[in-house]
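Trainee: Got a structure here, written out as C-alpha cells. Questions coming.
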Amino acid sequence: MRIDKFLWSVRFYKTRNIAAEEIKKNRVSIGENVVKSSKEVKVGDVIKIKKNQIEYKIKVTDIPKSRLGAKLVSLYVTDMTEKEQYEILKMRKSAQDYYRQKGLGRPTKKDRREMDDFSSGDTQESMDSDDWDVFFSPNDSQEED
C-alpha cells in the first residue's frame, strides 16, 4: 500500500490529499529516508511523521485494506513516539488555554482593557515632558560638526 494511502487509512491525516502534501514537504520518512507518496509500506517499517511540531514514530504491524475506524487503528500500527514529545504537546496546549478556554467567545470589555494595560506596559507613564524635550532637542555634538 502507498504511504499516503496508509497514513490516511490509519487516520493520521484527515484526507489522502493532506497526507500527500505533508509527504511532499518532507515531513514523513521511513527509517532515516525521506519518502515520496508512491513509496510502498511494508510490515515492520518504522515511519517518522512531523506533525503539530512534534515527531511521531509508528511501526507498521499490518496493512489495512481500507480506511479504519478509530478503535481498530491499534491493530495495524504500534505507537513508538517518545514520551517527551507528548509532554511538549501537552505543555503547548496548556500554554494556549491559560487565559481563556476554547469556545468561550470574544473577550469582554474588561478582558480587552486588561490586555491593553498589559501590552502597553509602564513605558509611556514613566516618561515626563522633560524627557520628551531632551529626546527631540538637537544633540550638541552634532551641531559642532
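Bear in mind these aren't lab numbers, they're just calculated from the coordinates by the rules spelled out. It should be emphasised that the depicted structure is a prediction, and the values quoted were computed from it without experimental measurement. Note: ideal-geometry Cβ built from the backbone for every residue, glycine included; neighbour counts use all protein chains shown.
Trainee: Loop-only trypsin sites (Lys or Arg not before Pro) in the stretch 1-41, please: DSSP not H, G, I, E or B, and at most 15 other Cβ atoms within 10 Å. Don't skip to the end; give the middle numbers.
Mentor: Working: sites: R2, K5, R11, K14, R16, K24, K25, R27, K36, K39; in loops: R11, K14, K25, R27, K36, K39.
In loop regions of the stretch 1-41 (DSSP not H, G, I, E or B), the sparsely surrounded trypsin sites (Lys or Arg not before Pro) are R11, K14, K25, R27, K36.
Trainee: Could you list Y13, Y76 so that the one with the fewest beta carbons within 10 Å of its beta carbon is first and the one with the most is last? Mind dumping the intermediate values first?
Mentor: Working: Y13 20, Y76 17.
By the 10 Å Cβ count, ascending, the order reads Y76, Y13.
Trainee: Starting from the Cα of K59, step 7 Å along the direction of its Cβ; do the same at I88; then give the gap between the two resulting points in nm.
Mentor: 2.2
Trainee: Quick one: which of K5/K50; K39/K65; K36/K93 span more than 28 angstrom between C-alpha atoms? If you can, show how the numbers build up before the last one.
Mentor: Numbers: K5/K50 17 Å; K39/K65 17 Å; K36/K93 31 Å.
From the list (K5/K50; K39/K65; K36/K93), the Cα-Cα distance tops 28 Å for K36/K93.
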